[in-house]
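Every read-out reported here was derived from the displayed coordinates using simple, explicitly stated rules and does not represent laboratory data. In this text the structure is predicted, and so the values were computed from the model without any measurement. Glycine also receives a Cβ, built like all others from the backbone with ideal geometry; neighbour counts cover every protein chain displayed.
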Amino acid sequence: MTTHPKNIVIAGGGTAGWIAAAALARKMGPLVNVRLIESETIGTIGVGEATIPPLRTFHKLLQIDEQAFMRATAATFKLGIQFENWGHIGEKYIHSFGVTGQQSWLAEFVHFYLSAKARGLESDYGDYCFELEAARQHKFATSPQSNIQYAYHLDAGDYVAFLKRFCSSLGVTRTEGVIEQVTQHDSGDIKALHLKGGEVVEGDFFIDCTGFKGLLIEETLQSGFEDWSQWLMCDSACAVQTSAAGPAVPYTRSTAHHAGWQWEIPLQHRVGNGLVYSSKFMTDEEAERTLLKNVKGEALTTPRTLRFQTGRRKKAWNRNCLALGLASGFVEPLESTSIHLVIMGITRFMQLFPHSGHDQALINEYNEQTQLELERIRDFIILHYHVTEREDSPFWKHCKEMDVPESLQQRITLFKEQAHAFQKQNELFRVDSWTQVMLGQGVVPESYHPAATMLSDTQLMQSMRQQRERVMNAVNQLPTHESFIQRYCAMTEGTVATAS
């Protein structure tokens, strides 16, 4: 191939496939033809219903109207995740999307907070974050002038349906069919997908969205897989939908149990629930019983069990094939990064688009960036399991005592010894994220930057009081999350009917 790929074939639908189709058709429509192959007879995972703030940027890029999207997907707002029982049983904290306190060019806010604590301050670290306090009080509002950091809880099935409708006006061709065979050119590049029934779909470039199977990227091209289960031991999930037992809150709940954790994701019309666990420490039957015992509403669906393997494809882009979604790897759903990684994958591909044909340097750059991004997210997820004081079960005892990647151990040591947390270049999780999780799970720094000692007791306490009052005053002016949803993006009757 000596010119840019004109005909792009997406193998598989679901969230990954339709996000890729929407991005390519909207942003590169005049340059490419997009064809997506999926089958109604092949189910999708479809339980990832929590997102993170970069989805908003992606929607703006595609010119997706927020209110229309939220009505169509029964979406609610998300300001962060409330973690319960992770550091100690009975304790909880919120990892929010906001910025905490004021920092100086010398040191982050956490250094001044720790100095104030040493002088008698009794406030919680989260008291200085607007988004975190709003989550606590179940408040929310946004406007074109607002800079509040938020994401969404959404119905995954409705989101796919929304993207399909969006793509229908952009010229994306959808083909119903089951892929039975993949053929290759003599060079090794993928040539065509053979569908059940005899149709042959040729293309210049192929995007693999066939889930964990990796029909193109692995079964055909044998790109290899790097297993991370030595650090992320959970390999199973049991999911069920329930009726809402009260107003939707603006955060996801993540409650640790003796062999993993349970999610609770509130939508406008129901709640998504799931139990994530390690099959080495919990049976499927016990997982289902535990899940149904702990949910609040009435079960609307039959619980279903899913298997997964944490890790990454060694080559996310191999020859003329790009893997997205579960086909490229999985870093478990703890911090709601799955949809984000799809978005970053297709965005990076468009930025490094092979406009002059096969270019190995482009492929290498893409794979290096993808690896680095995934490893940093992996480290942040491992952090939750490792910095715990729990020793009440073999699972948690293992997590606490296990060796972690050197890159993560260095970050833990820096924070524990000197209260330093960093956001490295192109890293997803910010300083506040690392700080909130480590403090929330009991990592108490032994020292802090001397800049925080330069203020007198009066100066420091006055500054802390003023910052806390600003947060509280701003949050007090917000409406409740529930009332804002009803006014701004209440789901349509059509969505209600579909959900029923």
Please name whichever of N33, G17, P144 sits farthest to the positive end of the charge dipole of the chain, dipole taken about the Cα centre and charges placed at Cβ: Lys and Arg +1, Asp and Glu -1.
P144
Find how many whole Å separate the alpha carbon centroid of the range 407-448 from the alpha carbon centroid of the range 376-397.
15 Å
Here the gain from full extension of E298 to L352, 0.36 nm per residue of separation minus their alpha-carbon distance, amounts to 14.7 nm
Which FRET efficiency, nearest 0.05, do L61 and N7 yield, Cβ-Cβ r, R0 22 Å?
0.40
About the Cα centre of the range 236-307, what is the dipole size in debye to 20, counting +1 per Lys and Arg Cβ and -1 per Asp and Glu Cβ, all else neutral?
100 debye
Checked the range 236-307 with the C-alpha gyration tensor, a ≥ b ≥ c its square-rooted eigenvalues, rounded below a/c of 1.5, otherwise prolate if a/b is larger than b/c and oblate if not; verdict prolate
Quick check on the chain: helices-only [θ] at 222 nm, where DSSP H runs of length 4 and up contribute -39,500 (n - 2.57) each and the sum goes over total residues. Nearest 500, please.
-11000 deg cm²/dmol
Going by how many other beta carbons lie within 10 Å of each one, how would you line up S143, S483, fewest first?
S143, S483
Counting other C-beta atoms within 10 Å, and keeping those with at most 11, which DSSP coil chymotrypsin sites (Phe, Trp or Tyr not before Pro) do you find in the range 367-441?
none
Would you pull out the residues with amide H under 5 Å of N318's amide H, same chain only if 5 or more places away, H placed 1.01 Å from N?
A323
Sequence-distant or interchain residues sharing an amide H contact under 5 Å with K139, placed H: which?
H481
Once amide H atoms are built 1.01 Å from N in the peptide plane, which residues 5 or more positions from R304, or in another chain, come under 5 Å H to H?
A239
Per-residue HN-Hα couplings for the range 204-209, Karplus 6.51 cos²θ - 1.76 cosθ + 1.60 at θ = phi - 60°, whole Hz, x for Gly and Pro?
8, 9, 10, 10, 8, 10
Which value, in debye to the nearest 20, gives the size of the charge dipole of the chain about its Cα centre, when Lys and Arg are +1 and Asp and Glu are -1 at the Cβ?
940 debye
For L372 and T413, extending 7 Å from Cα along the Cα-Cβ vector and measuring point to point gives, in nm, a value of 2.2 nm
Order of T290, T100, T305 under a 10 Å beta carbon neighbour criterion, fewest first:
T305, T290, T100
Sorted by Cβ neighbour density within 10 Å, fewest at the top, the residues H95, H88:
H88, H95
Taking K400 as the anchor, which aspartates and glutamates have their alpha carbon closer than 16 Å to its alpha carbon, excluding any fewer than eight residues away along the same chain?
D379, E389, E391, D392
For H88 and R165, what is the calculated FRET efficiency with R₀ set at 56 Å and r taken between the beta-carbons, to the nearest 0.05?
0.75
Can you tell me the length gained on complete extension of the stretch R307 to E122, counting 0.36 nm per residue apart and subtracting the Cα distance?
62.2 nm
Applied in sequence order to the range 186-199, the curve 6.51 cos²θ - 1.76 cosθ + 1.60 (Karplus, θ = phi - 60°) yields integer Hz couplings, x standing for Gly and Pro, of 4, 6, x, 5, 6, 9, 7, 10, 9, 9, 4, x, x, 5
From the phi angles alone, apply the Karplus equation (6.51, -1.76, 1.60; θ = phi - 60°) to the range 25-38 and give each ³J(HN,Hα) in whole Hz, x where the residue is Gly or Pro.
5, 6, 9, 10, x, x, 9, 9, 9, 10, 10, 10, 10, 8
Over 25 Å between Cα atoms, which of K213/K314; K280/K416; K139/K296; K27/K196; K213/K397 qualify?
K280/K416; K27/K196; K213/K397
With label points built 7 Å along Cα→Cβ from the Cα atoms of V200 and Q425, find their separation and express it in nm.
4.7 nm
